[in-house]
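Below is one structure, written out as structure tokens, with a few remarks after it.
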Protein chains: 4
Amino acid sequence: MITVGMIGAGRIGKLHVDNLLLNPQIKIKAVSDIATEHLKTWATSKSIPVLTTNYEDLLQDSEIDAVFICSPTNTHAEIIEKAAMAKKHIFCEKPVSFSVEETLEALKVVEEAGVKLQVGFNRRFDPNFKKVQNLVRKGQVGEPHILKITSRDPEPPSLDYVRSSGGLFMDMMIHDFDMARYVMGSEIVEVSAYGNALINPEVKELGDIDTAIVSLKFANGALGVIDNSRQAVYGYDQRLEVFGSKGVVTADNCRATTVEVATVEGVVQDKPLYFFLERYTQAYAEEVAQFVRAILDHSAVICSGNDGLQAERIARAAQQSYLTGKPVKIEHGFVVN
Amino acid sequence: MITVGMIGAGRIGKLHVDNLLLNPQIKIKAVSDIATEHLKTWATSKSIPVLTTNYEDLLQDSEIDAVFICSPTNTHAEIIEKAAMAKKHIFCEKPVSFSVEETLEALKVVEEAGVKLQVGFNRRFDPNFKKVQNLVRKGQVGEPHILKITSRDPEPPSLDYVRSSGGLFMDMMIHDFDMARYVMGSEIVEVSAYGNALINPEVKELGDIDTAIVSLKFANGALGVIDNSRQAVYGYDQRLEVFGSKGVVTADNCRATTVEVATVEGVVQDKPLYFFLERYTQAYAEEVAQFVRAILDHSAVICSGNDGLQAERIARAAQQSYLTGKPVKIEHGFVVN
Amino acid sequence: MITVGMIGAGRIGKLHVDNLLLNPQIKIKAVSDIATEHLKTWATSKSIPVLTTNYEDLLQDSEIDAVFICSPTNTHAEIIEKAAMAKKHIFCEKPVSFSVEETLEALKVVEEAGVKLQVGFNRRFDPNFKKVQNLVRKGQVGEPHILKITSRDPEPPSLDYVRSSGGLFMDMMIHDFDMARYVMGSEIVEVSAYGNALINPEVKELGDIDTAIVSLKFANGALGVIDNSRQAVYGYDQRLEVFGSKGVVTADNCRATTVEVATVEGVVQDKPLYFFLERYTQAYAEEVAQFVRAILDHSAVICSGNDGLQAERIARAAQQSYLTGKPVKIEHGFVVN
Amino acid sequence: MITVGMIGAGRIGKLHVDNLLLNPQIKIKAVSDIATEHLKTWATSKSIPVLTTNYEDLLQDSEIDAVFICSPTNTHAEIIEKAAMAKKHIFCEKPVSFSVEETLEALKVVEEAGVKLQVGFNRRFDPNFKKVQNLVRKGQVGEPHILKITSRDPEPPSLDYVRSSGGLFMDMMIHDFDMARYVMGSEIVEVSAYGNALINPEVKELGDIDTAIVSLKFANGALGVIDNSRQAVYGYDQRLEVFGSKGVVTADNCRATTVEVATVEGVVQDKPLYFFLERYTQAYAEEVAQFVRAILDHSAVICSGNDGLQAERIARAAQQSYLTGKPVKIEHGFVVN
């Protein structure tokens, strides 16, 4: 049995709670949030005994084995360090922080403490992408030559969200940078980024973009490209392709049903599933299950602190490339587990 | 809150228990089975307080509002009648019985008792087929002219199972007869059945078949056809098509992933999901949720006792057609709710 | 080099002329039709020297090696006999005649004359269906158990056409009966037909139907089903499926492009190709090329007089089954080459 | 009627001859090639009266209205100029030349001569891509934001070919640069190229690459990406996608048949059509038909000299970007018709 505390009970924190409750080996003892009044009914319905505004209560609770950090990004690094020092295993939502240096600092503390840290790149646990990764690893497409990722949200976030998001590369494309490393099994050594605000020009006034294409060079010589848009009106567009010397493997969008209607107008299928909660339902459940398994089995997590760090480094390089109009090389000096 | 008792804890009974436990409005108080020793650990892990070999214990328990009948088919009718007289709402696995007369008798008792009876035609709750039914009902394909159902199992049952199954039409195609009525919104008035034992000739020696095609005439003049096989080596083949004056709507098989691999050998996709537990996961959850909702809201069940009765009548007519080599007309005299 | 004469220059006769002209080994010397005035410009543009209202002119022309019979069905048998006696090889549009006896008579004359006779079941030459046939023959799906053919026209013919068509089974489904024999490699020994006039009730007043489902029993024990509709508003629906002990092979509809458009409304693809001229363009060219090759190489035709005869026998049995409401067995006594 | 001369009778020249012969309004009077001995039988079979080693014979023949230039690229510019001065309409294979300056010079001569010049970007005439272009132009996907082109050959050319090809950007990706301008309806103003020799390292020793990804900036603010590989073992991979404010339109690969085989191994479809002759059969026929129409109707060609020039400018910029490791801006000063 593992006893868990949840730090931050917004949409994603609540989702993790539901997935944890599916597991008979898990007990959720406490939830902390900056405000708890509105959470009381919810916590009761989930039989969670402790509700607090102070996350340190969770760290001081000796019964708690692991914490989930689902608070705003700018609080992650500090909480990670304190949790690690309190010897709690840590699941932290992505990104670890907005600053590579801060992330590095936090990872060092985690390493010294010897606790597990899993970063919330949920897409690694999607059955489609997992299968692609597995096929590539087993050599089904031979040596990988070209990676293509399309990742487009169904609707743009509010301008308020944009302001504190860290920018498209750090907030959105960071998932794709992680996926690129994961499926290719090779580090990204250079990026070249193009971006624009084509959906909403106000985004540009805030110093951000809503449309981007980033080319990638991998350490093994392969090439890649990621395209992002904040608004695909037809639904969450999440596709992946790895092309290699022996073939190509693709993962397409998921749909609610296989139903097709053919009339005089044409042949119509379902749109892709709406957004991440619909598309990544299984992935969210699986990433939590996997984290629990890693603790119980003393095995490695699938998505480590180092994975979080590298994705942030790439995101920062992409941002720099976009701003300078030039390709940017990426150093991969420090590697943590 | 509803308190439930489970009669019969085989594979399907246990599946219903899991789905019931997802619902915070449900409490499972008791499980009965002919043998309980092997069920103790399981019942404890599910926090089910009562485990008994006598299903009548459940009927006499005044706390229990509803029972699920998941025992062998030849026990259904008797249990339904006793449960109805004990004023329990009833969810009964299909078929209600092997005899239309017995089913009719049981339904009369249910009607008099004024309890709800839902029959376990789980496929009505599959998102694909539900969407087809809804589109047809809304007139998206105009007047329905032709119905086509393909329903093939991935592997044949044991000869032992075959012996007590009631035959392919009553055991397997009965699902498709129900689906036919459901999506077409019209009664089947005549069937013409062809069958053979092509997978295993021993099946024929037992008086049964493993491959069948049944043509249908509907009350509204439309035509239909169902094909069944006990062994589709590529997986559970579950397809549906309604063709009408304004177009056609189809539901295709479901696959575990959208992954495609293209090599010199060809382009390969996932096979259909393996069998009913994989394909109808959502449907099983939804049929239970819907039954609970019908009790709580005092609303009609989606799949009534009459639906069970009509499907059995059609199955019996198909069997007769197969045996006589002639089309058989179907009477729809008594209709219960 | 082969010199050809065309008997009947309607839509299909002209199409064959165009396909013949693609072949440098073919010379078209003469065309006959009941009226020729409107054909003069056309014949000149195709460099066809002789245009006549008397098809016997073609039979008496010693330069002509082969004739194409594209006149109305009720003239086929007589022309076949005369052409055979004149020692011309014969390509005849389907059906050979409206009467099995008449067809049988004509085939005997052909056999005695020792000329080649190919019947125009163009679908055998469609690349999709040819591939299915080939895969089945090579055992890719093991022993065939179930055949399914869907064949629906995009728009119904005129009532005038219906009057002289010989009825849906002889005019339309005859193609599917031939396809069934072709892909299954086994004779049809029994049919059970359901039909109705669901598109236009006036069709029923003429003694015909516009919607039909026919179940099939094959000599090898396999089962099959064909569904026909005279009006699929979304285009020409031509699908085929052979299910067997080792798998299933399907041929789907063809579309003009692979283009998909995804918007808020859904994901839209092209409709199936409109009708037989679009769908079977390649098949029409190939059947003519194959006939020419059979003459030049002294090899067997792909679709023989016997194939025409058997399809007619099945069509007649289906008609009888529809009228009597009972399955009808089919005799396969006389077999010609 | 138009009389045509063919300059260069290699694979593509012969293909154009076959397509020209389908058109009753075309007469092919003469063919020139550096060697003619091996062409005699072919020319006779096509009824081409004149065969010469001197292409100037064609230019001096006053009966000839138009010439097709299918000789090696390094001869194109000179022949174009001479043909234009001889007042012949010109169809020239891509690229116009290996040097933007030379192309520019040739285009000026064409403009002064007032003859038509069509450049052989055959893919504009592919029904799939034409439909995409048309849908984008009509606003079906709103404002275009992202363009994606995948273009991969099934097998690499010989090293000899690579040596004289002008490099991957000028020889292969030039098609995609043209397609990008065509479907987006906006000029490319900057490119950023990544390349590598992943299939055959010897290609790099020759100063060329076999794998490339090029990011694009369009004048209207949209972004794009093209990926190329010289070896897709599963066939000719030719896909196109335009994503915009109202949706996305994609064109997928074409296959020989729609046949699918499902067995225990998986579900297998046809591979993409093998190479350009298979995939672009219709496109090649249509580009020639369109050129003839433009001459007869005095209308504009679909793919002009300026289109050839701009594609070369972009290819040169991509080459420069690859060599310098930096994005390169593209000037669009001179525009010819």
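The values are calculated or read from the model by the stated rules, or taken from the named source; none is laboratory data. Note that the structure is predicted; figures quoted are calculated from it, not measured. Cβ coordinates were reconstructed from backbone atoms using ideal geometry, including for glycine residues, and neighbour counts include every protein chain displayed. The accessibility values were calculated without ligands, DNA or RNA, using every heavy atom of the protein model including side chains. Shrake-Rupley method; radii C 1.70, N 1.55, O 1.52, S 1.80 Å.
Here are some notes:
- Kirkwood Rh in Å, taken over all unlike Cα pairs in region D:2-115: 14.1 Å
- Estimated buried accessible area (total), pair B and C, 1.4 Å, Å² to nearest 100: 3200 Å²
- Only aspartates and glutamates eight or more places from A:Lys326 in sequence, or on another chain, were considered; those with a Cα closer than 14 Å are A:Glu190, D:Glu190.
- Partner chain coverage, peptide A:271-277 - average Cβ within 10 angstrom: 1
- Carbon + sulfur, % of accessible area of the protein assembly as shown - ligands and nucleic acids excluded, 1.4 Å: 50 percent
- Chain C: angle of helix C:127-137 to the longest principal axis, Cα-based, in degrees nearest 10: 70 degrees
- Over region D:88-175, accessible surface divided per residue gives 34 Å², non-protein components excluded, 1.4 Å probe.
- Angle of helix C:11-21 to the longest C-alpha principal axis of chain C, folded into 0 to 90 degrees and rounded to 10: 70°.
- Set of region C:258-294 residues, backbone N closer than 16 Å to the point 7 Å along the Cα-Cβ line of A:Arg255: C:258-272
- Nearest beta-carbon to the A/B symmetry axis - residue in chain A, distance in Å: A:Leu22, 4
- Paired Rg and Dmax values of the protein assembly as shown, which use every Cα atom, in angstrom: 35.5, 109
- Straight Cα distances below 19 angstrom link B:Lys108 to the lysines B:Lys82, B:Lys87, B:Lys88, B:Lys94, B:Lys116, with same-chain residues fewer than 8 positions distant left out.
- When its C-alpha radius of gyration is set against 2.2 N^0.38 Å (N residues), region C:80-135 gives a value of 1.33.
- Only Cα pairs under 8 Å and 6+ residues apart enter the sum, and on that basis the relative contact order of chain C stands at 19 percent.
- Peptide ranges D:276-282, D:214-220 listed from the most packed, as the mean C-beta count within 10 angstrom indicates: D:214-220, D:276-282
- For C:Asn200, label point 7 Å along C-beta direction: distances to other copies, nm: 5.1, 5.6, 6.2
- Between the beta carbons of C:Glu205 and D:Ser164, assuming R0 = 56 Å, the FRET efficiency works out to 0.15 to the nearest 0.05.
- A Förster radius of 56 Å combined with the Cβ-Cβ distance from C:Thr324 to A:Leu22 puts the calculated FRET efficiency at roughly 0.40.
- In this structure the amide hydrogen of C:Glu187, modeled in the peptide plane, comes within under 5 Å of the amide hydrogens of C:Ala219, C:Asn220, none closer than 5 places in sequence on its chain.
- The calculated 222 nm mean residue ellipticity attributable to helices in chain B amounts to -11000 deg cm²/dmol, summing -39500 (n - 2.57) over DSSP H runs of n ≥ 4 and dividing by all residues.
- Inter-chain neighbour count for B:221-227: the average number of beta-carbon atoms from partner chains within 10 Å of each residue's beta-carbon is 6.
- Seen from C:Ala180, the other residues with C-beta closer than 12 Å to its C-beta sum to a net charge of 0, counting Lys and Arg as +1 and Asp and Glu as -1.
- Here the contact order of region C:2-115, divided by its residue count and restricted to Cα pairs under 8 Å and six or more residues apart, works out to 25 percent.
- Residues losing 40 Å² or more accessible surface upon assembly, region D:168-208, compared with the chain by itself, 1.4 Å: D:Tyr194, D:Leu198
- A cut-off of 5 Å between modelled amide H atoms, ignoring neighbours fewer than 5 places along the same chain, links B:Leu240 with B:Thr150, B:Ala251.
- For region B:182-278: rounded, prolate or oblate by the Cα gyration tensor [a/c cutoff 1.5]: oblate
- Nm distances between copies for C:Gly10, ranked from closest, using label points 7 Å along Cα→Cβ: 5.0, 6.0, 7.2
- Applying a threshold of 22 Å to the alpha-carbon distances of B:Lys204/C:Lys217; B:Lys148/C:Lys217; A:Lys217/D:Lys131; B:Lys217/C:Lys246 flags A:Lys217/D:Lys131; B:Lys217/C:Lys246 as lying beyond it.
- Each residue of region D:295-308 is assigned a 3J(HN,Hα), and the resulting list reads 5, 5, 8, 6, 9, 6, 6, 6, 9, 8, x, 4, 4, x Hz, derived from the Karplus form 6.51 cos²θ - 1.76 cosθ + 1.60 (θ = phi - 60°), x at Gly and Pro.
- Order by protection proxy (mean Cβ within 10 Å, highest first), peptides A:201-209, B:162-170: B:162-170, A:201-209
- Karplus (6.51, -1.76, 1.60) ³J(HN,Hα), θ = phi - 60°, over region C:41-58, in Hz, Gly and Pro reported as x: 4, 4, 4, 4, 5, 9, 6, 8, x, 10, 10, 9, 8, 10, 5, 5, 4, 5
- Close amide-amide hydrogen proximity is noted between B:Ile2 and B:Ile26, B:Lys27, each under 5 Å apart and 5 or more residues distant or on a separate chain (H modeled in the peptide plane; Pro and chain starts excluded).
- Cβ-vector label at 7 Å, A:Lys329, separations to other copies in nm: 2.6, 8.7, 8.9
- In chain C, Rg over Rh equals 0.97, where Rg is the alpha-carbon radius of gyration and Rh the Kirkwood radius from pairwise Cα distances.
- Across region C:99-107, rounded Karplus estimates of 3J(HN,Hα) from the backbone phi angles (6.51 cos²θ - 1.76 cosθ + 1.60, θ = phi - 60°) give 10, 4, 5, 4, 4, 4, 4, 4, 5 Hz, Gly and Pro being marked x.
- Annotation: the antiparallel percentage among DSSP beta bridges lying fully within the protein assembly as shown is about 60.
- Neighbouring Cβ atoms from other chains, within 10 Å of the Cβ of residues in C:323-331, number 2 on average.
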